[in-house]
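Participant: Input: one structure, supplied below.
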């Protein structure tokens, strides 16, 4: 097996865990980040599909070049449904200021604190 295929087989699981962990952290901001929480679930489905593809290619001893078109197909699916899978913006949609990581990952408004003051973070328990 090619080293890249073996690397993917061993490490895609950790990428899936990271995406699902992010989804769990987003539950804290449930009322403010519904779209982004669903986006991380969609991303987790794409990563899981990629992981299954790699495992099938390795287990059934299929040619490794098959990973290229199938991986591109998954990337195209993600790009077609970009509004659902990648709602994360790095700049405020109203004033263009850079957003901090918390705003990028957890707030659906994609606006900075100055432009979106009504979105208060939830209280700690």
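Participant: Measure nothing but the geometry: give the 0 to 90° angle between the long axis through the Cα atoms of 3-26 and the longest principal axis through the Cα atoms of the chain, rounded to 10°.
Facilitator: It is inclined by approximately 20 degrees.
Participant: Considering Cα pairs under 8 angstrom that are at least six residues apart, work out the relative contact order of the chain and quote it in whole percent.
Facilitator: Details: 123 pairs, mean separation 33.6, N = 125.
Relative contact order comes out at 27 percent.
Participant: Okay, next question. Taking the structure as given and computing mean projected area of the Cα convex hull in nm², which label from [x] 7.3; [y] 9.1; [z] 9.7 fits?
Facilitator: Given [x] 7.3; [y] 9.1; [z] 9.7, the calculated one carries the label [y].
Participant: Kindly express, to the nearest 10 degrees and within the range 0 to 90, the angle between helix 67-80's C-alpha long axis and the longest C-alpha principal axis of the chain.
Facilitator: Between helix and principal axis, roughly 20 degrees.
Participant: On to the next question. Could you sort 99-109, 17-27 so that the peptide with the highest average Cβ count within 10 Å comes first and the rest follow in order?
Facilitator: 99-109, 17-27
Participant: Compute the angle between helix 34-59 and the longest alpha-carbon principal axis of the chain, please, reported from 0 to 90 degrees and rounded to the nearest 10.
Facilitator: Once rounded, the angle reads 10 degrees.
Participant: Packing-wise, with mean Cβ within 10 Å as the measure, how do 61-67, 89-95 rank, highest first?
Facilitator: Result, highest mean first: 89-95, 61-67.
Read the figures in this text as sums done on the coordinates, not as results from a lab. Just so you know, these numbers come straight off a predicted model, no measurement behind them. Don't worry about glycine lacking a Cβ; one is built from the backbone with ideal geometry, like all the others, and counts go over all protein chains shown.
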